[in-house]
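The values are calculated or read from the model by the stated rules, or taken from the named source; none is laboratory data. Note that the structure is a prediction, hence the values are computed from the model and not measured. Cβ placement follows ideal geometry from the backbone for every residue including glycine, while neighbour counts extend to all protein chains displayed. We work out accessible area using only protein heavy atoms, side chains counted, and drop any ligands, DNA or RNA first. Shrake-Rupley method; radii C 1.70, N 1.55, O 1.52, S 1.80 Å.
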Amino acid sequence: MKVYTKTGDKGTTALFGGTRVPKHHIRIESYGTVDELNSYIGLIRDQEINVLYQEALIEIQDRLFTVGAILATDPEKAILKNGKERLNIPKITEADIEFLENEIDTMESYLPQMTHFVLPGGHTTVSYCHIARCVCRRAERLSVQLNESEPTDEFVLKYLNRLSDYLFVLARKLTFDLHAKEVKWIPRQDKE
């Protein structure tokens, strides 16, 4: 199979199920941003971090492929008239969301309580986490926008929401592990 098909040379692409849409379609933006997020998570995983975080990130990357597949599927083509699934697309489940919540709870048990917002940065690996968190929030916003016009699996929306929380806490935990400085954001008071 060749990487190039030439079928998208005029600015359209095919969803799972065969429907062709413009490459700027909100559905393409949604799963394209999930793909971007997956790449940033790979960058975090490639850093010198605890193997437990690397293993969790591999699980998350796997789930993001599932999220991408769900978002790349034309909902009208996914179900046959008799109600059975036409395409064998995996699902995001409550267990996937609980996995993220458990990881968050475990990491938070080692961290001091947050009293202020924190400025992204302090260490390159921490910065990668914050970039991934921001990309995750964009993927979530795009998926919510898609959901307004074409209903989307509610677990996709929940997963992306929880994943951005996970990435924030991972950034804080890596700051702690790497002995980096966590800079609190303290709003500047305007002088009168």
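Brief remarks follow.
- Close pairs from segment 102-125: first of a type in the set (S, T, N, Q), partner part of a loop (DSSP other than H, G, I, E, B), Cβ under 9 Å, at least 6 apart: 124/47; 125/47; 125/48; 125/49; 125/178; 125/180
- Failed criterion for residue 181 (all others in (1) out of contact with any strand residue (DSSP E or B) (no Cβ under 9 Å at 6 or more places or on another chain); (2) assigned to a helix (DSSP H, G or I) hold): (2)
- For segment 20-47, filtering for residues that are farther than 18 Å from residue 143 by Cβ and either modelled with pLDDT of 95 or more or in contact with a Lys or Arg (Cβ under 9 Å, 6 or more places away or on another chain) (or both) leaves 6.
- Residue pairs meeting the criteria (Cβ under 6 Å; at least 6 apart or on separate chains; first without any contact (Cβ under 8 Å) to a residue 60 or more places away in the chain and β-branched (Val, Ile, Thr), in segment 2-19; second part of a loop (DSSP other than H, G, I, E, B) and open to solvent by 90 Å² or more (accessible area, probe 1.4 Å)): 13/23
- Residues in segment 1-53 that are open to solvent by 40 Å² or more (accessible area, probe 1.4 Å), in a helix (DSSP H, G or I) and not aliphatic (A, V, I, L, M): 29, 31, 35, 36, 39, 40, 45.
- Given (1) farther than 22 Å from residue 93 by Cα; (2) open to solvent by less than 10 Å² (accessible area, probe 1.4 Å); (3) of a type in the set (Ser, Thr, Tyr), index of the condition residue 149 fails: (2)
- Residue tally, condition open to solvent by less than 80 Å² (accessible area, probe 1.4 Å) and touching a Leu at 6+ places or on another chain (Cβ under 7 Å), over segment 86-143: 14
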